[in-house]
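Quick notes on the structure that follows.
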Amino acid sequence: MTQATSAPAAKAAEAFKRLHGRAPDGVWSAPGRVNLIGEHTDYNDGYVLPFALPHRTAVAASPRADGALAVSTLGDDGGVQEAAPVVVADLAPGTVRGWAAYPSGVAWALREQDIPVTAGADLVIAGDVPAGAGLSSSHALECAVALALLGLAGVTAERPDIARWVQRSENDFVGAPTGILDQTASLSCIEAHALFYDVRSGKSEQVAFDAAASGLEVLVIDTRASHSHVDGGYGARRAGCERAAGILGVPALRDVDITELDEALVRLPEELRPLVRHVVTENDRVLKTVDLLRAGRLADIGPLLSASHMSLDEDYRVSCLELDVAVDSSTAAGALGARMTGGGFGGSAIALVPVDRHEEVERAVLAAFAARSLVRPRLFTAVPSAGAGRDR
Ligand code: GLA
């Protein structure tokens, strides 16, 4: 599917011409995401509800014949960063570090699926997904690279399969033990909708999400507190969930129904109870949110968003000062609900804000950060946008 050319796609194509002296064979791009609700549920086989951001990462690409993957990235200042070329046939986990591990890992994962990528490729990357903001800039990059390499190889594949390959690259090559939320969002979201995705069954539903029609908007508050899921906090929680499922004798925490929660909690050691309480109640909140959206009651989801944040803060313990300040100050100023989005430990929060309260909420958030001498956050309104595709 070819879509209207995004600004990053035009930049990537232009930079490709400058660097390689010819037009690229094609340009593909993929968006970042926010997750409306359903946090830390994906690796528990549960439910998520993300939508795609208008911000995208684009990859201009042409095949090579010498087996090398040569990747250049266009910086915000127009400067180009070139990664040392790697030989696709020689790629193995641990062989590439830093940002170049993301595109290399995708090439490795596709090669592992016997997709013909070993001829190599020239890739030039440009994008505007804020990096380190918990908005999935790395997944936007990985998904765009995956589509580019598949496109050059002339291979078509189902989006859920591509998501799984990208996840494998991230887990096994980059070394981040993350789930499948972000890749799925980047690859499968569509404009004006949130994607209700059941990780266990792989079933998805596009749920209409038109905040503006209800006089509302989703305000993203990028706290600029950096986060990473390669270090221990994320993996420790994931391991805790898996241990709890084992003790409860179920394949995943998805299998604990909300009506059985109290009974399950008493069978668990003290330290695992809050993790399980979060996952089980969060899955329930996703289902309730989807029901409200299907009923056209978008304005009523606010309390569920705020309850999700409280659960992530108090039970799952993945919030931080900046995220709490963003949530508290936005709701105190009139947001109907707010929560951290993504893995946590930093990154971004979202707030559901009546459009006529936008100025007030923005002022209150900025003032709250300034009062605590925190770095000034970056705020923008997020409109559900198109998923990954070919630009030209
Ligand atoms: C990160 C991971 C996702 C998901 C979220 C938490 O974004 O990449 O797989 O686990 O955290 O919901």
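The values are calculated or read from the model by the stated rules, or taken from the named source; none is laboratory data. Just so it is clear, the structure is predicted and the values come from calculations on it, not from any experiment. All Cβ positions, even for glycine, are placed from backbone atoms using ideal geometry, and neighbour counts span all protein chains on display. The area values use the complete protein model at the heavy-atom level, side chains included, leaving out ligands, DNA and RNA. Shrake-Rupley method; radii C 1.70, N 1.55, O 1.52, S 1.80 Å.
Here are a few things to note about the model shown:
- So residue 305, is it part of a helix (DSSP H, G or I), touching a Lys or Arg at 6+ places or on another chain (Cβ under 7 Å) and open to solvent by less than 60 Å² (accessible area, probe 1.4 Å): yes
- Of residues in segment 152-190 being among the charged types (D, E, K, R) and within 11 Å of the ligand (Cβ to nearest atom), the one nearest to residue 31 (Cα to Cα): 182
- Residues satisfying the stated conditions in segment 146-160, i.e. closer than 24 Å to residue 200 by Cα, open to solvent by less than 50 Å² (accessible area, probe 1.4 Å) and not hydrophobic (A, V, I, L, M, F, W, C): none
- Top-ranked residue in segment 168-190 [being part of a loop (DSSP other than H, G, I, E, B) and within 14 Å of residue 53 (Cβ to Cβ); ranked as least open to solvent (accessible area, probe 1.4 Å)]: 189
- Tabulated pairs, segment 26-52, first farther than 21 Å from residue 385 by Cβ, second of a type in the set (Lys, Arg) and within 11 Å of the ligand (Cβ to nearest atom), C-beta under 6 angstrom, 6+ apart or interchain: 43/238
- Meeting the requirement of 1 or more residues that are within 26 Å of residue 382 (Cβ to Cβ), the strands (runs of 3 or more DSSP E) wholly within segment 11-100 are 26-35, 50-63, 68-74.
- For segment 315-348, residues that are within 14 Å of the ligand (Cβ to nearest atom) and either within 21 Å of residue 214 (Cβ to Cβ) or surrounded by 20 or more Cβ atoms within 10 Å (Cβ to Cβ) (or both) total 14.
- Number of residues in segment 191-201 that are more than 15 Å from the ligand (Cβ to nearest atom) and either in a helix (DSSP H, G or I) or not hydrophobic (A, V, I, L, M, F, W, C) (or both): the value is 3.
- Filter pass, residue 138 being in contact with a strand residue (DSSP E or B) (Cβ under 8 Å, 6 or more places away or on another chain) and hydroxyl-bearing (Ser, Thr, Tyr): no
- Exclusive hit being surrounded by 16 or more Cβ atoms within 10 Å (Cβ to Cβ) and over 28 Å from residue 141 (Cα atoms), set 275, 312, 352: 275
- Qualifying residue in segment 228-241 (condition: buried (at least 16 other Cβ atoms within 10 Å of the Cβ) and more than 16 Å from the ligand (Cβ to nearest atom)): no
- Residues of segment 202-226 satisfying the condition of being of a type in the set (S, T, N, Q) and part of a loop (DSSP other than H, G, I, E, B): 223, 226
- Scan of segment 98-135 for residues that are among the polar types (S, T, N, Q) and open to solvent by less than 10 Å² (accessible area, probe 1.4 Å), ordered by number: 104
- Top-ranked residue of segment 355-376 - restricted to ones that are open to solvent by less than 10 Å² (accessible area, probe 1.4 Å) and not aromatic (Phe, Trp, Tyr), ranked as nearest to the ligand (Cβ to nearest atom): 365
- Residues located in segment 177-220, provided they are within 22 Å of residue 357 (Cβ to Cβ) and more than 15 Å from the chain's Cα centre (by Cα): 209, 210, 211, 212, 213, 214, 215, 216, 217, 218, 219
- Residue within segment 141-159 that is free of Cβ contacts under 8 Å to residues at least 24 places away in the same chain, in a helix (DSSP H, G or I) and more than 18 Å from residue 52 (Cβ to Cβ) present: no
- Count of residues meeting criterion [away from the ligand (no atom under 16 Å from the Cβ) and either within 14 Å of residue 184 (Cβ to Cβ) or open to solvent by less than 10 Å² (accessible area, probe 1.4 Å) (or both)] in segment 9-59: 10
- Segment 202-227, subset surrounded by fewer than 22 Cβ atoms within 10 Å (Cβ to Cβ) and hydroxyl-bearing (Ser, Thr, Tyr), residue nearest to the ligand (Cβ to nearest atom): 226
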